[in-house]
Amino acid sequence: MAINIFCLECKTSNALTAKTCSKCGAVFTRDKKYRVCVSVKGQRITRLCDNLTIARETETAIKTDMLRDEFDITAHRKKKVVTLSDIWDQHYLAWAKSNKAKSWVTDDFFYRKHILPCFGSKTLDSISSFDLERLKAEMKQATTPQGKKGYADATVRHVLVLLGSIYNRAAEWKLYAGENPCKAVKKPKLNNQVTEFLSDDEMKRLLDTLDAWSCKESADFVRIALFVGLRKSEILKLKWSDLDLDRKTITLRDPKNGFDTVLPLNDEAVNVFRGIERTSEYVLPGPGGELKRSFRKPWYAIRQAAGLPESYRLHGLRHNFASHLVSNGVDLFTVSKLLSHRDLQTSTRYAHLSDGALRQATALGGKVLAKTQSEREADVIPLREKR
């Protein structure tokens with residue numbers, strides 16, 4: 001019988017006096033988890049607890065239940081307590097990998113980051129809507145890995161939607177017959193129509209900053225995002241074999257829409273690629289020529305040097321690419337293809353025109369409406385009379 005500190009990263013047990021995980025080196029904080037393990041006659045019962053006091057109480061409770069033969073270990077008919085973690089590990093994750101394309105990776109991250117520490121050891125019927133409201137409040141007060149106070153509404157909403165989906169799937173699979181507590185919890189409303197359109201002055205400052213930037217590789221990364229409108233993940237995994245600079249095309253391998261896509265390149269983008277030295281199979285490799293994993297710090301530095309708003313994201317360059325196309329007369333269908341969107345509806349968020357284009361449209365409308373009836377009739381080209 002033992003109580004150990006449980007590492008959520010590598011799933012191993014460590015001594016109660018341990019400060020870091022003996023296997024993966026993870027640092028144990030105040031909110032660490034404890035694993036209770038009780039073994040009798042070859043049968044082992046484990047529980048994951050939120051603190052040491054609960055762990056000790058749980059150990060005592062398990063021993064008492066054994067004495068009462070509630071688990072019936074000698075007859076190998078131990079009652080099975082199904083926890084949220086059991087549902088996730090044994091059922092939901094496998095289903096998500098088969099049915100959610102790439103988004104299961106995001107689900108897995110949010111589950112392990114936010115849901116597992118709070119509810120992993122709980123049974124589905126023991127989680128209440130009040131527990132979820134408390135989780136919402138804690139996420140809004142927590143400090144993010146980037147040092148900001150409070151997780152974004154999109155993150156909170158994703159966690160609640162994911163948890164609700166776990167309950168729905170468990171009910172469909174006849175693993176749970178109770179209520180879904182997520183139905184009683186109000187989810188944050190999102191504004192997904194932000195397009196982060198750069199003004200002419202901001203564009204000039206950004207381009208001037210890139211021209212003077214000391215790290216050419218970082219500047220080229222931003223130029224590709226600016227001139228091609230690619231997602232960050234698409235730039236990170238871009239290989240030279242995906243480019244045909246003679247034909248001015250780029251092939252996106254396994255993009256977000258799930259299908260390889262061949263797109264044309266403009267002259268500015270071709271010039272950027274021609275100016276990059278080939279040192280790896282990746283166009284912009286990480287250390288040792290391997291896949292680059294992140295571009296957060298270089299972008300923050302470039303953004304600050306260019307005087308862009310602190311809230312402006314690298315993904316905003318993709319919005320900017322599409323918005324400039326639309327404001328200059330490119331139709332949404334073409335923009336949708338250039339952005340490798342799965343459907344046209346997704347592209348409507350980029351259909352925001354610049355202030356100048358709106359003023360031109362307004363001025364034209366004013367001129368048309370101000371004409372007299374006779375002037376409008378005079379503008380109509382008469383039909384050729386039949387001979």
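The values are calculated or read from the model by the stated rules, or taken from the named source; none is laboratory data. A quick note: this is a predicted structure, and the numbers were derived from the prediction, not measured. Note that we place each Cβ from the backbone using ideal geometry, even for glycine, and neighbour counts take in every protein chain shown. Just so you know, the surface numbers come from the protein's heavy atoms only, side chains and all, with ligands and any DNA or RNA stripped out. Shrake-Rupley method; radii C 1.70, N 1.55, O 1.52, S 1.80 Å.
The rows are residues; the columns are (1) under 17 Å from Arg296 (Cβ atoms); (2) not charged (D, E, K, R).
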site: Ser218; (1), (2): yes, yes
site: Phe221; (1), (2): yes, yes
site: Gly229; (1), (2): no, yes
site: Ser233; (1), (2): yes, yes
site: Ser241; (1), (2): no, yes
site: Asp244; (1), (2): no, no
site: Lys248; (1), (2): no, no
site: Leu252; (1), (2): no, yes
site: Phe259; (1), (2): no, yes
* To do: Spot the failing condition for Ile3; the list is (1) crowded, with 16+ Cβ neighbours inside 10 Å; (2) modelled with pLDDT under 85, and only one is missed.
  => (2)
* With respect to the numbered conditions (1) in contact (Cβ under 8 Å) with a residue 60 or more places away in the chain; (2) at positive phi, which one is the sole condition not fulfilled by Ile166? -> (2)
* Asked: Which condition number does Leu198 fail, the rest of (1) touching a His at 6+ places or on another chain (Cβ under 9 Å); (2) open to solvent by 20 Å² or more (accessible area, probe 1.4 Å); (3) modelled with pLDDT under 90 being met?
  -> (2)
* Structure fact -> Picking from Ser347, Ser340, Ser323, the residue that is among the hydroxyl-bearing types (Ser, Thr, Tyr), part of a helix (DSSP H, G or I) and at pLDDT 70 or above would be Ser323
* To do: For region 115-184, please list each of the helices (runs of 4 or more DSSP H) lying entirely inside it that holds at least 1 residues being of a type in the set (Ser, Thr, Tyr) and at pLDDT 90 or above.
  => 129-141, 153-172
* Asked: Just checking, how many residues over region 205-231 are assigned to a helix (DSSP H, G or I), over 17 Å from Arg318 (Cα atoms) and open to solvent by 50 Å² or more (accessible area, probe 1.4 Å)?
  -> 6
* **Filter pass, Glu310 being of a type in the set (D, E, K, R), in a loop (DSSP other than H, G, I, E, B), farther than 23 Å from Pro145 by Cβ and open to solvent by 30 Å² or more (accessible area, probe 1.4 Å)** => no
* **Check on Leu175, surrounded by 15 or more Cβ atoms within 10 Å (Cβ to Cβ), within 24 Å of the chain's Cα centre (by Cα) and not charged (D, E, K, R)** => no
* Structure fact -> Residues of region 281-297 being at pLDDT 95 or above and open to solvent by 20 Å² or more (accessible area, probe 1.4 Å), in sequence order, are Glu281, Tyr282
* Asked: Just one of Ala61, Ala94 is part of a helix (DSSP H, G or I), at pLDDT below 85 and of a type in the set (Gly, Ala, Ser); which is it?
  -> Ala61
* Asked: Taking the condition modelled with pLDDT of 80 or more, within 34 Å of the chain's Cα centre (by Cα) and farther than 23 Å from Glu138 by Cα, does Thr29 pass?
  -> no
* If you go through region 38-46 one residue at a time, do you hit one that is among the basic types (Lys, Arg) and either at pLDDT 85 or above or over 34 Å from the mean Cα position of the chain (by Cα) (or both)? -> yes
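Being within 23 Å of Leu325 (Cβ to Cβ), open to solvent by 30 Å² or more (accessible area, probe 1.4 Å) and without any contact (Cβ under 8 Å) to a residue 24 or more places away in the chain narrows it down to one residue among Asn271, Asn266; which is it?
Asn271
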* To do: Could you please give the count of residues in region 90-130 that are hydroxyl-bearing (Ser, Thr, Tyr) and within 14 Å of the chain's Cα centre (by Cα)?
  => 3
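Quick one: count up the residues across region 111-135 that are buried (at least 18 other Cβ atoms within 10 Å of the Cβ) and either touching a residue at least 24 places away in the same chain (Cβ under 8 Å) or of a type in the set (Asp, Glu) (or both). Don't jump to the end; show me each part of the working.
Initially, region 111-135 is screened for residues buried (at least 18 other Cβ atoms within 10 Å of the Cβ), giving 111, 114-116, 118-121, 124, 127, 132, 135.
Okay, now just the ones that are also either touching a residue at least 24 places away in the same chain (Cβ under 8 Å) or of a type in the set (Asp, Glu) (or both), so 111, 114-116, 119-121, 124, 127, 132, 135.
Result for region 111-135: 11.
When the residues of region 261-306 are filtered to those that are in a loop (DSSP other than H, G, I, E, B) and touching a Leu at 6+ places or on another chain (Cβ under 6 Å), which remaining residue is farthest from Pro145 (Cα to Cα)?
This residue is Val283.
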